[in-house]
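The next block holds one structure in the form of structure tokens; read it before the comments.
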Amino acid sequence: MENFIVSARKYRPSTFNTVVGQGAITVTLKNAIKNNHLAHAYLFCGPRGVGKTSCARIFAKTINCSQMTPEFEACNQCESCQAFNENRSYNIHELDAASNNSVEDIRTLIDQVRIPPQIGKYSIYIIDEVHMLSAAAFNAFLKTLEEPPEHAIFILATTEKHKIIPTILSRCQIFDFNRIKVPDAVEHLKFIAKEESVQIEEEGLNVIAMKADGAMRDALSIFDQIVSFSGKEISYQNVIENLNVLDYDYYFRMVDGFIEGKVSEVLLLFNEIIEKGFDGHHFISGLSAHLRDVLVGRDPVTLQLLEVGDSIKKKYLEQAQKCQQDFLYDALQILSQCDVGYKASQNKRLFVELTLIQLSQIIESKKKGASLTKAGSKKLLKIFTPEQTSIASAPANGRSTVSAAGGQNIATSAGNARTQVANVTSNGRPASSPSVSGGHRKTISIMDSLNQGYSRPTSSASTRVQTTSSSSSRMADMAEVFSERDIMGSLKEFLKVKDSNERVRSALTAHEPLLKENHHIVIRVDNSIQEDDVRKKKSEILNFLKRSLRNTRIDIDTEIVQTRSGKKLYTDFDRFEYLAKKNPVLNVLKQKFSLDFD
């Protein structure tokens, strides 16, 4: 029985022309041989499985070949080439730096470099995974690498270029290898399948190439695995079953469900995906990539970015014609937010299902929003009376708010001479309101009203009118009305959730916060230390308040409160200042003896 040789070894490139996807590098090396411009040290760096060591071996064999072809390839006939092919060449030395990374190993290498080649012109030293050398070994290698004997050439290979010290990099010609592109990998897999008499669908080859993520060695390993699974005839279904890859068809059906607004079908399809053993986060990532490809397929200019087979590409083009560009933008934004929040979610399946429901309602929400705007523009003149188009001055202890967004409530109260216009959401809380402090007048924008649409207000101060806006708009910009009491409640909730230390707790509860114009919150503290504590937590407090108060326009600042008895003597500096005002001699003593508060 003949021994099996894996495809990655059996079809390893033996000439520059057989190297896949590194045309610029192979041409440069061949020109260096042609013009006799050989450097004494090369560094080949790049991802795994892209041909670094293979190119080093081909280059080493070619420069020692005594009968090079007109294309400057190795002849594979001379003694040097045959010795290399049979792994008995004494001119080409391969060293694994992962297991030979000490100073002693480098000293042995330096002693070996002095020996001239027996056959050919050069002794070539290929050091793989060179970044594994220790710092001392690198330093011991420097002098030899910079000024080796004329017959010595070093080829260093690494996957982690950033770990190599700059003094080594400066002594080498550096070649950066690229990831293998999907079309190049597919063509090479077709060639190997033909040589091995394997029948495989092109869509299956595309899946293998994409799964390999730019590494040709990985693609060949996957190919061997699938051949063992399916035999000599391989279908696209065999490939996705063996690799546990989600079929394109699921994504196409899912997007069709979004377009038609079929929430139940979308949820059942997601349940089928979960039952097949796929992770929800993996599904969301795949759906994002699918919608990105649909967006790419809308424009003939960007169509070349689709790395799929011709039959799958046709499906993308068909679905791209069904999808509006705005829908794709909104869907990608919602999926991006789901991707970010997935790990933090307690009920991950419900989190994904809510995302799918939002995606299914994008088009319907846009239709409702358009009809609402049209209806609102017709009723505009009836809605706005002279009494309602301006905001009266508020009393000293009150505030008046106005919003020009759709679905607002205009409440008038003659008893306290205050008028308030506010958005309302389905939970009964106010939704949007840039504040207007007492004494200033602010009118409602007619143009904003035409764009957003209004509902007819009622005379009752407690009546609230609810309208529906798109889910993506609510997530992007929330601006509900809130009071100082709401702020204080949210801060107490923050202290419970975040479990802050006593100093932060004291700073946030020392005084009631102030609410100023444009949703600006001022947190009042007693001294500079409390002010620093609040500033360190500012980003956490701000993000919590935005979510808790459902207002993304909030900004916060701090202010030290001056009491009637003056500032509280909290720090040593505060106490010294207080005593120095009563007895100025203390300042003289401090300066004379260079005293400090410690």
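The values are calculated or read from the model by the stated rules, or taken from the named source; none is laboratory data. Keep in mind that what you see is a predicted model, and the values were worked out from it rather than measured. For neighbour counting, all protein chains shown are included, and Cβ atoms are generated from backbone atoms with ideal geometry for every residue, glycine included. Heavy atoms of the whole protein, side chains included, go into the accessibility calculation; ligands, DNA and RNA do not. Shrake-Rupley method; radii C 1.70, N 1.55, O 1.52, S 1.80 Å.
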Just checking, does region 71-80 include any residue being charged (D, E, K, R), open to solvent by less than 80 Å² (accessible area, probe 1.4 Å) and touching a strand residue (DSSP E or B) at 6+ places or on another chain (Cβ under 9 Å)? no
Which residue pairs have Cβ atoms closer than 8 Å, lie 6 or more positions apart in sequence or on different chains, and pair a first residue in region 137-156 that is under 15 Å from THR167 (Cα atoms) with a second residue that is open to solvent by 30 Å² or more (accessible area, probe 1.4 Å) and among the aliphatic types (A, V, I, L, M)? ALA137/VAL103; PHE138/ILE165; ALA140/VAL103; ALA140/ILE110; PHE141/ILE110; THR144/ILE110
Of the residues ALA157, ALA137, which is open to solvent by less than 10 Å² (accessible area, probe 1.4 Å), more than 16 Å from PHE175 (Cβ to Cβ) and modelled with pLDDT of 90 or more? ALA137
Residues satisfying the stated conditions in region 115-149, i.e. out of contact with any Lys or Arg (no Cβ under 9 Å at 6 or more places or on another chain), assigned to a loop (DSSP other than H, G, I, E, B) and not aromatic (Phe, Trp, Tyr): ILE115, PRO116, PRO117, GLN118, ILE119, GLY120, LYS121, GLU129, LEU133, SER134, GLU147, PRO148
For a quick check of your reading of the model, give me the residue pairs whose first member lies in region 485-499 and is among the aromatic types (Phe, Trp, Tyr), whose second is part of a helix (DSSP H, G or I) and modelled with pLDDT of 80 or more, with beta-carbon atoms closer than 8 Å and at least 6 apart or on different chains. PHE494/LEU508; PHE494/GLU540; PHE494/ILE541; PHE494/PHE544; PHE494/LEU545; PHE494/SER548
Considering residues of region 197-210 that are assigned to a loop (DSSP other than H, G, I, E, B) and either touching a Lys or Arg at 6+ places or on another chain (Cβ under 8 Å) or among the hydroxyl-bearing types (Ser, Thr, Tyr) (or both) only, the residue nearest to PHE229 (Cα to Cα): VAL198
Inspect region 295-312 for any residue being surrounded by fewer than 14 Cβ atoms within 10 Å (Cβ to Cβ), in contact (Cβ under 8 Å) with a residue 60 or more places away in the chain and within 30 Å of PHE177 (Cα to Cα) and give the result as yes or no. yes
For region 298-348, what are the residues that are part of a loop (DSSP other than H, G, I, E, B) and over 28 Å from GLY214 (Cα atoms)? CYS323, GLN324, ALA344, SER345, GLN346, ASN347
When restricted to LYS496, LYS537, the only residue within 36 Å of the chain's Cα centre (by Cα), farther than 30 Å from TYR578 by Cα and either exposed (fewer than 14 other Cβ atoms within 10 Å of the Cβ) or modelled with pLDDT of 80 or more (or both) is LYS496
With the requirement that a residue be surrounded by 14 or more Cβ atoms within 10 Å (Cβ to Cβ) and among the acidic types (Asp, Glu), what does region 224-240 give you? ASP224
When only residues in region 313-341 that are among the acidic types (Asp, Glu) and surrounded by 15 or more Cβ atoms within 10 Å (Cβ to Cβ) count, which is nearest to GLN361 (Cα to Cα)? ASP330
Looking at SER288, is it surrounded by fewer than 19 Cβ atoms within 10 Å (Cβ to Cβ), of a type in the set (Gly, Ala, Ser) and touching a Leu at 6+ places or on another chain (Cβ under 9 Å)? yes
Counting only residues that are of a type in the set (A, V, I, L, M, F, W, C) and either open to solvent by 50 Å² or more (accessible area, probe 1.4 Å) or assigned to a helix (DSSP H, G or I) (or both), region 515-533 contains a total of 1
Residue satisfying all of: in region 115-129; free of Cβ contacts under 8 Å to residues at least 40 places away in the same chain and within 19 Å of CYS55 (Cα to Cα); farthest from the chain's Cα centre (by Cα) among these: SER123
Take the conditions touching a residue at least 40 places away in the same chain (Cβ under 8 Å), within 36 Å of the chain's Cα centre (by Cα) and within 25 Å of LEU220 (Cβ to Cβ) and apply them to GLY23. Does it pass? no
Only one residue in LEU205, LEU220, LEU189, LEU269 is open to solvent by less than 20 Å² (accessible area, probe 1.4 Å) and either within 20 Å of LEU291 (Cα to Cα) or touching a Gly at 6+ places or on another chain (Cβ under 6 Å) (or both). Which one? LEU269
Just wondering, is there one or more residues in region 75-93 that are in contact with a Gly (Cβ under 7 Å, 6 or more places away or on another chain), in contact (Cβ under 8 Å) with a residue 12 or more places away in the chain and outside any helix (DSSP H, G or I)? yes
Of everything in region 52-64 that's modelled with pLDDT of 90 or more and either assigned to a loop (DSSP other than H, G, I, E, B) or open to solvent by 10 Å² or more (accessible area, probe 1.4 Å) (or both), which residue is nearest to ILE92 (Cα to Cα)? ARG57
In region 241-252, which residues are surrounded by fewer than 18 Cβ atoms within 10 Å (Cβ to Cβ) and assigned to a helix (DSSP H, G or I)? GLU241, LEU243, ASP249, PHE252
Just checking, does region 177-188 include any residue being closer than 30 Å to ALA136 by Cβ and assigned to a strand (DSSP E or B)? no
Within region 502-525, residues of a type outside the set (A, V, I, L, M) and touching a helix residue (DSSP H, G or I) at 6+ places or on another chain (Cβ under 8 Å) come out as ARG503, ARG505, SER506, THR509, GLU512, PRO513
Looking at region 267-294, I want the residues that are part of a helix (DSSP H, G or I) and have a partner that is surrounded by 15 or more Cβ atoms within 10 Å (Cβ to Cβ) and of a type in the set (Gly, Ala, Ser) with Cβ atoms under 8 Å, at least 6 apart or on another chain. Which pairs are those? LEU269/GLY257; ILE274/GLY280; LEU291/ALA331; VAL294/ALA320
Kindly establish whether ILE92 is of a type in the set (A, V, I, L, M, F, W, C), at pLDDT below 90, buried (at least 16 other Cβ atoms within 10 Å of the Cβ) and out of contact with any Asp or Glu (no Cβ under 9 Å at 6 or more places or on another chain). yes
Selected residue (criterion: surrounded by the fewest Cβ atoms within 10 Å (Cβ to Cβ)) from residues of region 8-27 that are assigned to a helix (DSSP H, G or I) and of a type in the set (D, E, K, R): ARG9
Say whether the condition of being at pLDDT below 90, under 19 Å from ILE259 (Cβ atoms) and in contact with a His (Cβ under 9 Å, 6 or more places away or on another chain) is met by at least one residue in region 301-316. yes
Just to be sure I understand, how many residues within region 548-598 are charged (D, E, K, R), modelled with pLDDT under 75 and surrounded by 13 or more Cβ atoms within 10 Å (Cβ to Cβ)? 3
